[in-house]
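K.L.:
Take a look at this one; I'll ask things after.
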Amino acid sequence: MLSPLPLLSAPPVAFGTPLPLPSSFSIWPYQARFRQAAQKVATGLFDALDEDLDPYVYLLALPMDAVGLDDGELPAAAEFEPADGTLSAHHFARVLERGHALQLAHNWQLTDPDIESEDMQRRKQFGRGVRLAVQEVLDELDATAKRLSFAGWPAQIGRFAVMPVLRLNRKVYNSYPSLQPNRFYTDGRQLPHSLIQAAILRFNEDCIKSLTEPEPGSGLLIRPRDTDEIIRSAGKLFMDTPAQDMGMNPVATKLFATCNTISSLRYEGAEGVGKLLLARRGHPNLTEVFALTCPTPLTDYRAVRKLLEMTTADVSLLADGENVYALGRQVGQYDAAREDLFVISFITHYAWEFQHGGQVLMRAHYGHPSLPRARLNRTKFRRDLRRTFQLVEAAKIEKLWDVVLEASRQKHGTLLVITTEALAEADRLKMQCTLIEPVPLTPLITRLVTAIDGAVLLDPEGYCYSIGVILDGKATGRGTSTRGARYNSAIRYVESSPYPCLAIVVSEDGLMDVITKESLREE
């Protein structure tokens, strides 16, 4: 018989208990509500990373054992929530047996028996085998689909092994660079190869915690974490991967926290800019300019920040994951398949990037990780123009797009405000801006007017009326202390404006935000 998963008894439906939403087969009373809560969490999480990922969550229930039960008491096939007819149970007919085989085939090491009992370890490893078996089926089903499916962790509810399955847009998921897939800790846990996959793992962790609580789905998902908190946790998890690749203990290395702290420090008032190359000492693609007699621990943050002052465009700090041991350069042609040489690029104050093989895998700004997506999503920008100004003329949209692209190249950041009443607003704010003769913005003019502090005020036709504008607006509590004055003033202005209005904020570290009244209401 297969090793059992942690058992959770589904409570009976008592008088006054909310009835479940319609389902072809009810495993426990609140399964539909649980799925809806999980969907809400997934939507918030993956929309924050890239709203085009289009997350969708459903539940897969696998019958554990029908022996000794009367006919009709338990179906012999897998069940789905919701049962929309797009999935077939026969594909999952033998995944439990396959999961048991995978458990025996993998040499997963048990963790400390003093922390978890041997029986708990066996149940966890069987759960890993089931997840891998289900993932094999999902990969086969998705081979020619526009989606990618990711199996979560199973929990036993009644006589079923229940797991969430997450679908994402294949094209968007694959558009981001990543490390090699199918990576694991020595105990069989997955190592993420990208920030998106780290977010998937964190999402699955929250789901399994909630599934093993009493009456899952009877309320909201049990104490769901804030979206930003999950993304920060995903960034921390992703940085375990380079530590593992270099043979370090990820728990002890804490690369995510280390990079955040170093980037937050100033040296004699100056922000930290430079690179840190992570690789074992003696790497064939590194050459030392000079070595430190006593290597400096990465956790000695102020000392590392001081050493960062010596770096140049082609000379970086060299570290092995624990210590900075030299200053040096990258030489030769690095074979990215090795995945044993990583770059931490400190961009500006409290902003850094994680790179490999010349590609940015993750950005972090004030401790918040994000995907290295294009500075602005063209489809989203077009949609925001249509929603805000009912602007649908392709020529006008392209003209504004060219303006925004040029503004995005401004090294020190800038702020564009598009409003239907740009002329009236320029007159109202004339004491705190520089008025100019109305001029249609071209890439050249955009480059000139965004070179100074303050906002650039223009209308949906692309005409500029004032530059260097100090925006006003009523504080509403929607801002954030982790972003600068430019971002927060844009929020206040857009929310307070009585006119259709859209703001494009370009930060010094390359982040771009489009702020509209609709986007603020959706927060």
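Each value in this text was obtained by applying a stated rule to the coordinates, not by laboratory testing. All values reported here derive from a predicted model rather than from experimental measurement. Every residue, glycine among them, receives a Cβ derived from its backbone with ideal geometry; neighbour counts consider all protein chains shown.
K.L.:
Over 18 Å between Cα atoms: which of LYS171/LYS399; LYS124/LYS209; LYS275/LYS306; LYS430/LYS517 fall into that group?
P.N.:
Values: LYS171/LYS399 27 Å; LYS124/LYS209 13 Å; LYS275/LYS306 13 Å; LYS430/LYS517 24 Å.
From LYS171/LYS399; LYS124/LYS209; LYS275/LYS306; LYS430/LYS517, over 18 Å: LYS171/LYS399; LYS430/LYS517.
K.L.:
What is the set of long-range amide H partners of ARG147 at a cut-off below 5 Å, with H atoms built 1.01 Å from backbone N?
P.N.:
Under 5 Å from the amide H of ARG147 lie the amide H atoms of ARG170, each far enough along the sequence or on another chain.
K.L.:
Taking neighbour counts of Cβ atoms within 10 Å as a proxy for exposure, in what order, fewest first, do LYS275, LYS474, LYS306 appear?
P.N.:
Working: LYS275 21, LYS474 8, LYS306 15.
Result, fewest neighbours first: LYS474, LYS306, LYS275.
K.L.:
A follow-up question, please. Before anything else, pin down the relative contact order of region 378-522: Cα pairs under 8 Å, at least 6 apart, normalised by residue count, whole percent.
P.N.:
Across region 378-522, relative contact order equals 27 percent.
K.L.:
Now for a different question. Under 8 Å for C-alpha pairs, at least 6 residues apart: give me the relative contact order for region 244-370, rounded to a whole percent.
P.N.:
30 percent.
K.L.:
Search the structure for amide H atoms under 5 Å from the amide H of ALA161, placed 1.01 Å from N in the peptide plane, and list their residues when 5 or more places away or on another chain.
P.N.:
LEU62, MET64
K.L.:
By the scheme Lys and Arg +1, Asp and Glu -1, what is the net charge of all other residues having a beta-carbon under 14 Å from that of ALA32?
P.N.:
Taking every other residue near ALA32 into account, the sum is -1.
K.L.:
Out of all DSSP beta bridges in the chain, what portion is antiparallel? Express it as a percent rounded to 5. Present the calculation step by step, with values, prior to reporting the outcome.
P.N.:
Numbers: 71 of 80 bridges.
Bridges in the chain are about 90 percent antiparallel.
K.L.:
Under the √(5λ) rule applied to the eigenvalues of the Cα gyration tensor, what semi-axes describe the equivalent ellipsoid of region 244-370? Give them in Å, descending. Walk me through the numbers before you get to the answer.
P.N.:
Values: eigenvalues 81, 57, 42 Å².
Computed over region 244-370, the values are 20, 17, 15 Å.
K.L.:
Using θ = phi - 60° and the Karplus relation 6.51 cos²θ - 1.76 cosθ + 1.60, list the HN-Hα couplings for region 250-262 in order, rounded to whole Hz, with x at every Gly or Pro.
P.N.:
x, 5, 7, 6, 6, 5, 4, 5, 4, 5, 4, 5, 4
K.L.:
Further question: For region 206-303, place one equal point scatterer on every Cα, skip the solvent, and apply the Debye formula. What is log10 of I(q)/I(0) at q = 0.10, 0.19, 0.20, 0.21 Å⁻¹?
P.N.:
One equal scatterer on each Cα of region 206-303 leads to -0.46, -1.09, -1.16, -1.22.
K.L.:
If packing is taken as the mean number of other Cβ atoms within 10 Å per residue, what is the order of 427-436, 199-208, highest first?
P.N.:
199-208, 427-436
K.L.:
Placing unit charges on C-beta atoms (Lys and Arg positive, Asp and Glu negative, everything else neutral), compute the dipole magnitude of region 244-370 about its Cα centre in debye, rounded to 20.
P.N.:
200
K.L.:
HN-Hα J couplings of region 354-365 from phi, Karplus 6.51/-1.76/1.60, θ = phi - 60°, integer Hz, Gly and Pro as x?
P.N.:
Coupling constants for region 354-365: 9, 10, 8, x, x, 10, 7, 9, 7, 10, 9, 9 Hz.
K.L.:
Quick check on the chain: helices-only [θ] at 222 nm, where DSSP H runs of length 4 and up contribute -39,500 (n - 2.57) each and the sum goes over total residues. Nearest 500, please.
P.N.:
Values: 16 runs with 175 residues, N = 523.
So the calculated ellipticity at 222 nm is -10000 deg cm²/dmol.
K.L.:
Please list 3J(HN,Hα) in residue order for region 47-55, calculated via the Karplus relation 6.51 cos²θ - 1.76 cosθ + 1.60 where θ = phi - 60°; whole Hz, with x for glycine and proline.
P.N.:
Along region 47-55, the couplings run 5, 5, 7, 6, 5, 7, 5, 6, x Hz.
K.L.:
Also: Could you work out the relative contact order of the chain, using alpha carbon pairs under 8 angstrom and six or more residues apart, expressed as a whole percent?
P.N.:
Averaging sequence separation for qualifying contacts and normalising by length gives 10 percent for the chain.
K.L.:
Just to be sure I understand the model, the point goes 7 Å from the Cα along the line to the Cβ. What's the resulting ASP300 to ASP314 distance in nm?
P.N.:
Here the answer is 3.0 nm between the modelled labels.
K.L.:
Search the structure for amide H atoms under 5 Å from the amide H of PHE184, placed 1.01 Å from N in the peptide plane, and list their residues when 5 or more places away or on another chain.
P.N.:
For PHE184, the qualifying residues are LEU191.
K.L.:
While we're on this one: Show me the ranking of peptides 263-273, 319-329 by mean Cβ neighbours inside 10 Å, starting with the highest.
P.N.:
The peptides rank, most packed first, as 319-329, 263-273.
K.L.:
Give me the dipole magnitude in Debye, nearest 20, for region 378-522 about the Cα centre, with unit charges on the beta carbon: positive for Lys and Arg, negative for Asp and Glu.
P.N.:
For region 378-522, the charge dipole is close to 400 debye.
K.L.:
What does a probe at ALA257 reach in region 305-328, counting residues whose amide N is under 11 Å from the point 7 Å along Cα→Cβ?
P.N.:
Counting only backbone N, you get no residues.
K.L.:
Let me ask another. Given (1) 1.00; (2) 1.34; (3) 1.12, which label gives Cα Rg over 2.2 N^0.38 Å as computed from the coordinates?
P.N.:
Given (1) 1.00; (2) 1.34; (3) 1.12, the structure-derived one carries the label (3).
K.L.:
Please report, in debye to the nearest 20, how large the charge dipole of the chain is about its Cα centre when each Lys and Arg carries +1 at its beta carbon and each Asp and Glu carries -1 there.
P.N.:
Details: 57 positive and 64 negative charges, 145 e Å.
Computed charge dipole of the chain: roughly 700 debye.
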